[in-house]
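Notes follow once the structure below has been shown.
The values are calculated or read from the model by the stated rules, or taken from the named source; none is laboratory data. Model, not experiment: these values are computed from the prediction. Positions of Cβ are backbone-derived with ideal geometry, glycine not excepted, and every protein chain shown enters the neighbour counts.
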């Protein structure tokens with residue numbers, strides 16, 4: 001699958017989700033600090049992007065229901081492609097393993113200090 005076809009498919013999948021009714025849960029507090037005070041920055045494809053007044057964390061509120069997200073990943077052709085082609089790629093696995101080892105080293109070095 002070409003990059004263009006992949007991203008077109010991904011966009012179509014999310015467009016079909018956004019068109020459905022009752023995909024959003026109730027308004028939630030900031031997941032970073034728990035504050036219930038935030039301002040809307042902008043709306044794109046029915047998604048309200050807000051910024052927390054307390055910690056400046058940016059998030060979507062109200063969020064898409066967990067059941068909608070889970071259902072998307074179960075049926076998604078783009079996720080299937082991503083998980084089978086990209087995440088299972090040997091080169092990518094080496095890159096991710098190297099990143100993980102670097103994080104572990106940094107964590108050990110911090111404990112020594």
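Which of the following residues is surrounded by 12 or more Cβ atoms within 10 Å (Cβ to Cβ) and either under 22 Å from residue 16 (Cβ atoms) or in contact with a helix residue (DSSP H, G or I) (Cβ under 6 Å, 6 or more places away or on another chain) (or both): 67, 83? First the steps, then the outcome.
Working: 67 fails: surrounded by 12 or more Cβ atoms within 10 Å (Cβ to Cβ).
Exactly one of 67, 83 is surrounded by 12 or more Cβ atoms within 10 Å (Cβ to Cβ) and either under 22 Å from residue 16 (Cβ atoms) or in contact with a helix residue (DSSP H, G or I) (Cβ under 6 Å, 6 or more places away or on another chain) (or both), namely 83.
Confirm whether residue 113 is modelled with pLDDT under 90, farther than 19 Å from residue 24 by Cβ and touching a helix residue (DSSP H, G or I) at 6+ places or on another chain (Cβ under 8 Å). Taking the combined requirement at face value, the residue does not satisfy it.
Filtered by the rule that a residue be surrounded by fewer than 15 Cβ atoms within 10 Å (Cβ to Cβ), touching a residue at least 24 places away in the same chain (Cβ under 8 Å) and within 17 Å of residue 18 (Cβ to Cβ), the range 42-56 gives 45, 46.
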